[in-house]
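Quick note: the coordinates plus some simple rules give every number you see, no bench work behind them. These figures come from a predicted structure and were not determined experimentally. Cβ placement follows ideal geometry from the backbone for every residue including glycine, while neighbour counts extend to all protein chains displayed.
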Amino acid sequence: MMGCKVTGSGIELAIHQKGGSPRRGTWSPQGECDMPDRTILIVDDDAEMRALLVEVLGHEGYIVTEAADGAEALIRLRSEGFDGIIIDKNMPGLSGLDLLPGLRMICPETPIILITAFGDASTYVEALEKGAFEYIFKPFPLEDLLRVLRRAVPVKNQRTASWGPFEERPNETVR
């Protein structure tokens, strides 16, 4: 479902996806669209932590998908691509550290942020050696996670798109 509101500088868009966070952005009469399409996979066995991160990241414009454990994350990664992954270190079955090498093989360019309530300096070094972009200790201020995520997953914006038969623009491409 899509909602929109006309403003002085363009149209504000909100696309609501079933089971996901709404995507928000703007479209201008010049055909520029800044609809962020930064997709994040959150992998954490703690349902409350996942819910909090889904809400916070959704408000920041991220499209968020959840997985309750490493096995579910691997299933999601087989069918979907993500711009970033936030994964808990301690989970039943595959821990975040155990999952890192496999994730590096499946999606070598995707930044992975490991979060944990249980860790030390040697675990931090191990996580970085296994390919983590960053390692954050719980509890953490949400702004710290957002700052790391902004570095890891830059905004893809200023997209140009064709908006149907009323505005055909054959010389423009979708990036």
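Points to keep in mind about this one:
- Converting phi to 3J(HN,Hα) with the Karplus coefficients 6.51, -1.76 and 1.60 and the offset θ = phi - 60°, the stretch 133-141 yields 6, 7, 10, 10, 8, 7, x, 10, x Hz in sequence order, with x at every glycine or proline.
- Taking Glu126, Glu109 and counting other C-beta atoms within 10 Å, the order from fewest to most: Glu109, Glu126
- Backbone N under 14 Å from the Met49 label point (7 Å along Cα→Cβ), restricted to the stretch 104-136: 113-120, 135-136
- Residues Tyr135, Tyr124, sorted so that the one with the fewest Cβ neighbours within 10 Å comes first: Tyr124, Tyr135
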